[in-house]
Amino acid sequence: MTDLSPVRLSRPVSASQHVTSELIMPHDANILGHAFGGAIMAMVDKAAAVSAFRHARTACVTASIDRVDFREPIHVGDLVTCQASVNFVGTTSMEIGVRVEAEDLITGARRHTNTCYLTFVAIDRNGRPVPIALVQPDTDEQVRRYEAAQARRRRRLEERQDEARAVR
């Protein structure tokens, strides 16, 4: 018996990596001088989108954002850096991990402020999901992130099934 399933290409994690930075200005902050969470989330979503596009080489949309916990405030004048890369790929979806750091440009001190996991779906011109290349982790750290993302995906699917059962 011959397997007629199409062969999926594989791309290294490094092909999806993206780093972007932005200076936090007063219009990005609340009355305490702390960056609005929504401003940071917009940066995270854009960084993840670039990573998703680089991997899939087609249009991609945000399907979900996992829990976001801000470890500490980001202040006006801080340089915020988002480091994004694909952690795991399903058939049409992928998990993008984004690490957010804030840097005090006067002292040079850098702080890890939060990490987010976003799921993106690759789509065609009609908005229908399309298959994408697998991801190939090359370093021990990339393999660790791949395995952790795989476990998070299983939990997300279980939660979705539980929610569907609860609605019935």
Q.
Taking the conditions exactly as written (within 19 Å of Gln142 (Cα to Cα), open to solvent by 10 Å² or more (accessible area, probe 1.4 Å), of a type outside the set (Gly, Ala, Ser) and in contact with a helix residue (DSSP H, G or I) (Cβ under 6 Å, 6 or more places away or on another chain)), does Phe120 satisfy them or not?
A. no
(Q) Looking at Glu72 and the list (1) of a type outside the set (Phe, Trp, Tyr); (2) in contact with a His (Cβ under 7 Å, 6 or more places away or on another chain); (3) modelled with pLDDT under 95, which single condition is not satisfied? (A) (2)
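Scan the range 125-146 and give yes if some residue there is closer than 20 Å to Asp45 by Cβ, open to solvent by 30 Å² or more (accessible area, probe 1.4 Å) and assigned to a strand (DSSP E or B), otherwise no.
yes
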Q | Residue match in the range 155-168 (condition: open to solvent by 60 Å² or more (accessible area, probe 1.4 Å), in contact with a strand residue (DSSP E or B) (Cβ under 9 Å, 6 or more places away or on another chain) and not in a loop (DSSP other than H, G, I, E, B)) | A | no
Q: Please determine, by comparing only the residues of the range 71-112 that are without any contact (Cβ under 8 Å) to a residue 60 or more places away in the chain and among the hydroxyl-bearing types (Ser, Thr, Tyr), which one is surrounded by the most Cβ atoms within 10 Å (Cβ to Cβ).
A: Ser93
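The values are calculated or read from the model by the stated rules, or taken from the named source; none is laboratory data. What you see is a predicted model; the values in this text were computed from it and never measured. Cβ coordinates were reconstructed from backbone atoms using ideal geometry, including for glycine residues, and neighbour counts include every protein chain displayed. Note: areas computed on protein heavy atoms with side chains; ligands, DNA, RNA excluded. Shrake-Rupley method; radii C 1.70, N 1.55, O 1.52, S 1.80 Å.
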